[in-house]
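Below: the structure, in structure tokens.
Any read-out appearing in this document is the output of simple, stated calculations on the displayed coordinates, not a laboratory observation. Quick caveat: nothing in here was measured; it's all calculated off a predicted structure. Backbone-built Cβ (ideal geometry, glycine too); neighbour counts: all protein chains shown.
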């Protein structure tokens, strides 16, 4: 089934005590343009995430946001620089002795000196983190694709309804063509009678002129091709792969046939049909811009 290029999906999970949220959203674009927002410290796994996106999405401007909450993690270690602490204690005692001061050195006093206590973050298992984020991204992409499929169903229904209308208009154009030839023959006979002031008209000449006119305005080839395009588009709507570009190309052929039929039509009724026909084609084209 067809998918829309626009959609949104999200998923949450954990990697150890890190809480991870991944959001996927996209809008229309001629090609695949993927950007990933992730904390810089984890930027090394960005290419892996892009590969996952490329395997699931073929077109659209896709934004991936990865949020990592480490507030519940216990990955902070406090280390004591014992040698530096002893050096500070020795120095303070020397100052007290030299200046005949009382020496009462507390732990609190020592912690005020720089580099006595050092806070460090335990190293994260990069591979495990990459695997966990990738798994959460897969779930977000699955949610994202479900939304795109639902939107795609709506696009398919709308396009199918418009194709039915185009088929009806094509039938109307086919029915008008013989009527136009008859009207032309009657008008031709009337003018010849008026000019020659006689009813003795060469019937063979009238038939020849009518035949030439009928051949000139015949839209049989165009309507046959138009019906073929309708059938092709209906088939594309049933395919389980990206078809947006194919539909866009096929709609150019729709317009070409409509323009040719319009150029051959020479009455107001046919002109109205062509206007309605091209309006339906344009509405389908607008919808097709959203199809992957």
Completion exercise
Computed over the stretch 1-142, the relative contact order (Cα-Cα under 8 Å, seq sep at least six) in percent reads 32
Practice task
Just check the stretch 247-292 against the gyration tensor rule for me: Cα atoms, a ≥ b ≥ c as the square roots of the eigenvalues, rounded for a/c under 1.5, and otherwise prolate or oblate depending on whether a/b exceeds b/c.
Solution key: oblate
Fill in the blank from the handout: Restricting to Cα pairs under 8 Å and 6 or more apart, the percent relative contact order of the stretch 76-121 works out to 65
Exercise for the section: For residue 263 and residue 240, compute 0.36 nm times the residue count separating them, minus their Cα-Cα distance, and round to one decimal in nm. Expected result: 4.5 nm
Fill in the blank from the handout: Reduced to Cα centres, the span from the stretch 256-292 to the stretch 158-175 in Å works out to 10
Handout entry: Packing-based order for 128-137, 41-50, using average beta carbon neighbours within 10 Å, highest first
Key = 128-137, 41-50
Practice task
Determine, from the Cβ-Cβ distance of residue 93 and residue 12 and an R0 of 41 Å, the FRET efficiency 1/(1 + (r/R0)^6), rounded to the nearest 0.05.
Solution key: 0.15
Practice task
Could you work out the relative contact order of the stretch 1-60, using alpha carbon pairs under 8 angstrom and six or more residues apart, expressed as a whole percent?
Solution key: 35
Exercise for the section: Taking 7 Å along the Cα-to-C-beta vector as the label spot, tell me the residue 80-residue 127 distance in nanometres, rounded to one decimal. Expected result: 3.7
Practice task
Could you tell me which of rounded, prolate or oblate describes the stretch 76-121, using a ≥ b ≥ c as the square roots of the eigenvalues of the alpha-carbon gyration tensor, with rounded for a/c under 1.5 and, failing that, prolate when a/b is larger than b/c and oblate otherwise?
Solution key: prolate
Handout entry: Label point distance in nm, residue 41-residue 101, each placed 7 Å from Cα along Cα→Cβ
Key = 3.9
